[in-house]
Every structure is written in structure tokens, then in C-alpha cells.
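The values are calculated or read from the model by the stated rules, or taken from the named source; none is laboratory data. Values in this document were obtained by computation on a predicted structure and should not be read as measured data. No Cβ is skipped: glycine too gets one built from the backbone with ideal geometry, and neighbour counts run over all protein chains shown. Ligands, DNA and RNA are excluded from the accessible area calculation, which covers all protein heavy atoms including side chains. Shrake-Rupley method; radii C 1.70, N 1.55, O 1.52, S 1.80 Å.
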Amino acid sequence: MRLPDPNRSRVVLIGAGHYADARLPDLPAVDRTIDDLAAQFTDEYRGIVPESHCTVLLNNGDLRSIGQRLRTAVNEADDLLLVYYAGHGLISGPRHDLYLALPDSEWEAPDFNSLEYDKLRRAVLDSPATAKLIILDCCFAGRVVTDTMAGPEERISRLEVAGTYVLTSAHRDQVALALPGEEHTAFSGRLLRMLHEGVVGGPELLTVDDLYQRLKTTMAAEGLPEPLNRATETASRIALGVNHAFAAMAGPELRQRHIAAVEQGKNGDWRAASEELRKILDEQTRIMGAEHEDTLRTRQSYAHALGGAGDPVEAAQSLRHLLTLHLRLLGPEHEDTLRTRQFLAVNLGEAGYRAEAIGMLRILLADRGRLLGGDHEHTLRTRHLLARNLTFAGETDEALALLRQLVEDRRRVLGADHPHTRRAERDLGALGGGN
């Protein structure tokens, strides 16, 4: 079980929601379905391919253009090739072959103005891709996995080519549904929901077969047409995304590991702490996404740990990037944003950029005093860090004034025996300002 290689994979999304033939009713849900599938499959954190590797052919009636762009994707795919169609399925000819309707398709004679499924199938099977996946969300789609003269559950051998998987939204003679009031088609909407929200109790990665089994159960329970599938060899083991519901189980354990790693660093072993935090960060990014609050907090701790392990320059670079994310996602007054600013200032100071660190800490001290109050532990901590950086920069008079006030405030707020009070007293004594 694995995710596809995004650089060696291609996705083709074909859809027709508007038709010239009055006997083919428009399917407005198809437009939204194709747009949202493209967004899902190309999402920076949840997707499987970059946007440049996803071909969208929505309401395109030019068979020549469709063929050219399909062949390009087919030939470029080396790992996963996924071809998805949503629209009307039409039947024609003595063999009752399946045609995929396009905007100019005709209900009675689709042969010359529709995408013939067998041509699509042959193009896919000619691809060098390791795994080939066709998903059809249309009426009569089940004909591609069942004999045209057989019962709906009888499999045939026409797709017995290594590495293929076909998933259809309905049995051979069933009508696929677009339910009133739903933004997507019934089948694709439920598939999108599973990809976006995950499957409770499912594995970390959702393979196409995991999705098929859950779709079959879900749609049967809702009284909707049940999907069909056909797979050969290992195609069913390719994953279409991370199971985001898996985070509900993995999250607490990873948070506990995060806490333990930070404590390990505070006890003096920042190098081992940074290595563990790197592992946790990788797992959280994969399971929860790069912008999940747990992932961002671990990224913050990991960057700070790099500074503790002796690399404040790399720590500061990582914290600058993280600060941009925090400002966008959380806003300038969120405590995580403020903490990132403090960690950045600390590591800039340790890297030798004392003036920049002092400037950042002055602004941060004012912000924390305004938001939290002058006696809050975070405000006091920022004041202490400013005093230390002033000391290293040779501005001892201001550092002495800050430390005298800090000692007085910490004795009053925390008590004379608190470790933070004693540390402030030691720093004050080192500057010759002790009692």
C-alpha cells in the first residue's frame, strides 16, 4: 500500500454537464464534481499530483482534442494513470456498447459524437503506467465490468491486463443519480467526502479498493445504486490519499511524543530531541496535513530544537517560513504566532544578529503586554530574553534596569523560590546588580 509518485503520475478528468440534445438533460452537478475532484487530486497537502499533471476536460465536445490530451497524459504516466468520467452513459450498436456522452452527443446515435468507452479503455491499457485506474460515474457504467449478456455480478476477462482497476458508479443497467439539493453526483459526492474527511476505523492510506468497499456499503445503506469494480494484480493497492480520519487515532499519541521530545531538549539533549521531532513532524504532515495545528506546533518546536542543538541559522530560517504561515492561518495575535516570533528572535540572537533580535523582542514585549498583561509569564519571559540580548550586545544599563524590574515582578508573581525568579537573579548578579 502506497501513495503514487506525484511526478510520475497523471490524472485526466472528463465531464459533460450540458448537452445540446433535449433528450439528454443537463447535469449541473457534473461541473461542480469535476472542479472539486481536480481541487482534491491536486491539493498541495491532500492531493496525489501537481496541478500541471491533472488534465481537466469539462464540457469539451471536440473528440480530436480530447483524444490528443488523453494520449499525452497516457504516455507521460509512469506510476499512476487515473481517468475519471462523469456525465451521461449511452448505449448503441448490436453489442450495446457503452459511449460516454459529450456536449454534442445524440441520444439515438452516439457513435460519431461521443467518446467510445472501448477506445478510452484501449488508450489506458497502452499506458506505461504501473497502475491504471478508470472511474466512471454515469448510467450503464457497470457494462464495462460485466458481460453485456450476463448478470450484473458476473465478471469477464476483457480487462485482464496487469495493473488495471475499473470502478463504476452503477450496475450494468442502472441509472447513476444526481440527487436534488446535492452539489455533486451521488457517487462522486460520497467519494469526495471520503477523500476529504477520511474513513473512521480505516487504514492510514486509503486505497481505491478501501474506497470501493466503503462506497458500496454507504450507497447500499442509502438506497442508491451500488458501485462495481474490477481489478487485476496490485492495482487495487494504490492509494488515492491519506485517511484523514486516521488522525483522530494517531493525533493524541503524536502529541504525547511531541511533549516528551520537547522535555528531552529542555533537559539538555536538544540533538536527540530534534531528531525525534523531525520524525513526528513527518508523520503529522503525512497524516494530518502540513497546515494542521498539531503539525505547525511540532514544526515550531523542531525549528527551535535545531537552535538548541547548535544550528541557530537553520532554526531562524525555518521559523521565518513558519511565521509567514502563522500570520496567514492564525493571525498576528495568536499565541502560537507570538511564540514563533519569540523563538525567531532567540535564534537570531544566538546566530549573532543581536540588533535584529533586540528589535523584534521590543515589539513582541509591547504586544504581549497589551494582549496578556505585564505580569503574564509569557510577557515576563520576553522581558528576560530582551535583557539577555541587551547584555550580549553590550547595552548593560538597559539590561540592568530590565532585570531589576523583572526580579521584583517575578518575586511578586511567582515567588522568591521559583526557578524563573532565581534565573533572573543570577543574570542580574552577573551584571553586578545583585543585592
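Straight-line cross-link reach from K132 at under 29 Å between alpha-carbon atoms covers these lysines, not counting any fewer than eight positions away in the same chain: K119, K216.
Look at the dipole of the chain built from charges on Cβ: of A366, P203, A22, the Cα furthest out on the positive end belongs to A366.
Per residue, the accessible area of the chain comes to 45 Å² when a 1.4 Å probe rolls over the protein heavy atoms. How far is the Cα center of segment 1-50 from the Cα center of segment 267-281, in Å? Answer, in whole Å: 41. Under 25 Å of direct C-alpha separation, and excluding same-chain neighbours fewer than eight residues apart, K279 reaches these lysines: K266. Measuring nothing but how far apart in sequence close Cα pairs (under 8 Å, 6+ apart) lie, relative to its length, the chain scores a relative contact order of 10 percent. Charges were assigned to the Cβ only: +1 to each Lys and Arg, -1 to each Asp and Glu. The resulting dipole of segment 1-136 about its Cα centre is roughly 420 debye. Specify the inter-centroid distance of segment 383-403 and segment 81-130, based on alpha-carbon positions, in whole Å. If we compute the Cα centre of each part, the gap is 74 Å.
Tally the DSSP beta bridges in the chain and give the antiparallel ones as a percent, rounded to 5. If we restrict to bridges inside the chain, about 35 percent are antiparallel. Give me the distance between the Cα centres of segment 299-316 and segment 191-225, rounded to whole Å. Taking the Cα centre of each part, segment 299-316 and segment 191-225 sit 41 Å apart. Once the C-beta distance of R95 and E204 is scaled by a Förster radius of 51 Å, the resulting FRET efficiency is 0.75 to the nearest 0.05.
Note: relative contact order over segment 259-373, using C-alpha pairs below 8 Å and six or more positions apart, is 18 percent.
Of the residues A387, N229, A250, the one whose Cα sits farthest toward the positive end of the charge dipole of the chain, with +1 on the Cβ of Lys and Arg and -1 on the Cβ of Asp and Glu, is A387.
Between amide H atoms placed 1.01 Å from N, distances below 5 Å from V12 occur with T55, L82, V83, Y84, all of them 5 or more places distant or on a separate chain. Label reach from R64 (point 7 Å along Cα→C-beta): in segment 89-113, amide nitrogens under 18 Å belong to 103-105, 112-113. On full extension, the segment bounded by A355 and M249 gains 33.7 nm, given 0.36 nm per residue less the C-alpha separation. Tell me which of A399, L327, H96 sits at the most positive position along the dipole axis of the chain, charges placed on C-beta atoms (Lys, Arg +1; Asp, Glu -1). Result: A399. Counting Lys and Arg as +1 and Asp and Glu as -1 over every other residue whose Cβ lies under 9 Å from the Cβ of D409, the net charge comes to +2. Here the chain is treated with +1 on each Lys and Arg Cβ and -1 on each Asp and Glu Cβ, and its dipole about the Cα centre works out to around 1280 debye. Between E183 and A221, the contour length at 0.36 nm per residue exceeds the alpha carbon distance by 11.7 nm. A Förster radius of 30 Å, combined with the Cβ-Cβ distance separating D78 from R278, puts the computed FRET efficiency at roughly 0.50. 3J(HN,Hα) couplings calculated from phi for segment 282-294 with the Karplus curve 6.51 cos²θ - 1.76 cosθ + 1.60 (θ = phi - 60°) are, in sequence order, 4, 5, 5, 4, 5, 7, 9, x, 5, 9, 5, 4, 5 Hz; Gly and Pro show x. Rounded to the nearest 0.05, the FRET efficiency derived from the C-beta distance between V413 and R46 at R0 = 41 Å is 0.35. The share of accessible area on the chain that comes from carbon and sulfur is 49 percent, using a 1.4 angstrom probe.
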